Structures are given as C-alpha cells and as structure tokens.
Amino acid sequence: MENADAAIFREEKPDIFSPEGSPVSKIEASAFYNSREIKEMGIDFTKVRSSRSVGTLLAPCGIFITYNCGAGLMKWQYKSELRMKTLMRTSLCQQRLSSQFQPEDIYGLVLGDGMEPAYQMLTSNGGKRHDYFMLDGCYDHFFYISNDRHGETLLSLLCDTVKKAELDRVLSLDLNQQVSNWRIENDAIDQGGNPVLFGYTCDMPRIARFNTALELQDKDGTLICFDYQREVLERYCGNRVQFQTISFEKFERRFFP
C-alpha cells in the first residue's frame, strides 16, 4: 500500500473509522485502514469478526475491501464477506462519506504472490467443503494485484482515474466504441465487430463473465492485458479469446516515470 502511495500511518490520514464519526466528508487521497483501525468503530464490527479482510483502501474513486491470499487460495465464507461489504456500505456510503461514495463504488481487492493465485481463484469451486475462495458474486468487481512492483504500479493506476482514462483512450485508438448493455461485456469493438475487454486491471469476475459469454454466444473476442498477466489469463480463458498485451516496461515509463 505504501509503495502505491496510499497513506498508512495515522498521522497521514483522516480518522474515518472513529467512534465519533468521520472528521471529513470526502477522501482527497488514497489511504489504507487496517482491520484493527476499522474495529475502532465499535459494536458494529463484531458482526464481521469472521471476515478474511485485512483492511480497506479508500481512494477518491472507490472503496476497496482488501484481502491477502499469499501464495494460494484463502479461506472464504460468502455470508461473512457479504456482511463486511454491507458494513462498509452502511458506514461509509450511507453515513460517514455519503457525499462521495455510492454502494456501487465498493470493490474487492486481493493481494497475492505472483500471478498463479489468480488462476487458482478463477478456476476454484470452493473445495470439498466450499470454504475456500471462489467467484461467488459477493463482489461484481474483484481485482487481483500481485505483491511486487507490477502490483504496486497497477494499484496506483486503479486509484488514479485520470491515468486510467488515458490508458483506455490509447487502447481504444484503433477500435470502435463499446456497445452498452450488450449480452457480452466489452470496453470496445474491433473492426470485425467482435468484443474487446480491457483486462489489465485483472478484474476476475469481469474476465470470467467475458470468457463465459463468448463461449455461450459462440463468439470470438479479444482481451487486452499486461504482458506479465498473459500466461495465467491465457491458461484460464477458452480458445475463443485472443490476447493483446501491453508492455509493462513501456507503460511504466510513460505513466509512472
């Protein structure tokens, strides 16, 4: 979090989760609050004691409930994580930061060692007891970030709407405008009329929806990702998905010199 320019020390960020309420009505810069700080809200936190969340990243663009899976799948209980999400919606979107955030601004964010855990998460069925992570719909958007320089830069990009919009603009230069409310999720349409997804944020539910829709609709499509993400995502996706890669080194030099 610190390497992605998110404030982590108390003196650097507003005390959003104070029992007395937030001292500010708006987050101006990214700040990470660990689970111990969130517990200071009081009795409400006892409802989510079993959540696997390690904290929450608040950025001007959204609320990222954060998890850390390390090198493999983490334990996961849908009802516990849904209660965590509900608590954040109630305390932040309806009360403390209601002038800034809406319920749809709540996302999942998971940190892991390298890209392999992303493949495990995309393909997991929850294990024999269904007590391990799986894409169960708790979050419509759940971003996977690797615990390395790639992930730190990607996290900075997720929190910077201006740079992200510029990257999307560059990627769209040779493409047609996206088709809204289409049966296949897309960010643009290629010259052949096929859907294109900007998958570089590694939004796992979105990638899964795109891959499944292509199979069901018997369509071809293109997924654009960073070069370091390709092997894992290509292994997961079906043969109807074509890949285009962004050079991470060139991207970093241009957007985060």
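Can you run down the residue pairs with Cβ atoms below 7 Å, 6 or more apart or on separate chains, where the first is in the range 1-16 and under 20 Å from Ser156 (Cα atoms) and touching a residue at least 60 places away in the same chain (Cβ under 8 Å) and the partner is part of a helix (DSSP H, G or I) and small (Gly, Ala, Ser)?
Within 7 Å, the pairs are Ala4/Ser156; Asp5/Ser156.
If you go through the range 150-171, how many residues are over 15 Å from the mean Cα position of the chain (by Cα) and free of Cβ contacts under 8 Å to residues at least 40 places away in the same chain? Spell out the reasoning first.
So in the range 150-171, the residues over 15 Å from the mean Cα position of the chain (by Cα) come out as 162-163, 165-171.
Restricting the remaining residues to those that are free of Cβ contacts under 8 Å to residues at least 40 places away in the same chain gives 162, 165, 168-170.
So the answer is 5.
Considering the range 115-131 alone, what residues qualify as being surrounded by 15 or more Cβ atoms within 10 Å (Cβ to Cβ) and either of a type in the set (Phe, Trp, Tyr) or in a loop (DSSP other than H, G, I, E, B) (or both)?
Met115, Tyr119, Ser124, Gly126
Those residues that are within 30 Å of His150 (Cα to Cα) and part of a loop (DSSP other than H, G, I, E, B), I need them from the range 18-38; list them, please.
Our first condition is that a residue be within 30 Å of His150 (Cα to Cα); within the range 18-38, this holds for 26-38.
Selection gives Lys26, Ile27, Glu28, Ala29, Ser30.
Just to be sure before I move on: is Met41 assigned to a helix (DSSP H, G or I) and either of a type in the set (Lys, Arg) or buried (at least 16 other Cβ atoms within 10 Å of the Cβ) (or both) in the structure I sent? If you could, list the steps in order and put the result at the bottom.
Values: assigned to a helix (DSSP H, G or I): no; either of a type in the set (Lys, Arg) or buried (at least 16 other Cβ atoms within 10 Å of the Cβ) (or both): yes.
No: the conditions fail for Met41.
Thr90 - would you say it is assigned to a helix (DSSP H, G or I) and either acidic (Asp, Glu) or over 23 Å from Tyr132 (Cβ atoms) (or both)? Even if it seems obvious, please write down each step before you answer.
Working: assigned to a helix (DSSP H, G or I): yes; either acidic (Asp, Glu) or over 23 Å from Tyr132 (Cβ atoms) (or both): yes.
Answer is yes for this residue.
Of Arg89, Arg96, which residue is of a type in the set (D, E, K, R), surrounded by 18 or more Cβ atoms within 10 Å (Cβ to Cβ), farther than 23 Å from Lys164 by Cβ and in contact with a strand residue (DSSP E or B) (Cβ under 8 Å, 6 or more places away or on another chain)?
Arg89
Bear in mind that the values in this text are calculations on the coordinates, not laboratory data. Quick caveat, the model's predicted, so the values are computed rather than measured. All Cβ positions, glycine included, derive from the backbone under ideal geometry; neighbour counts span all protein chains shown.
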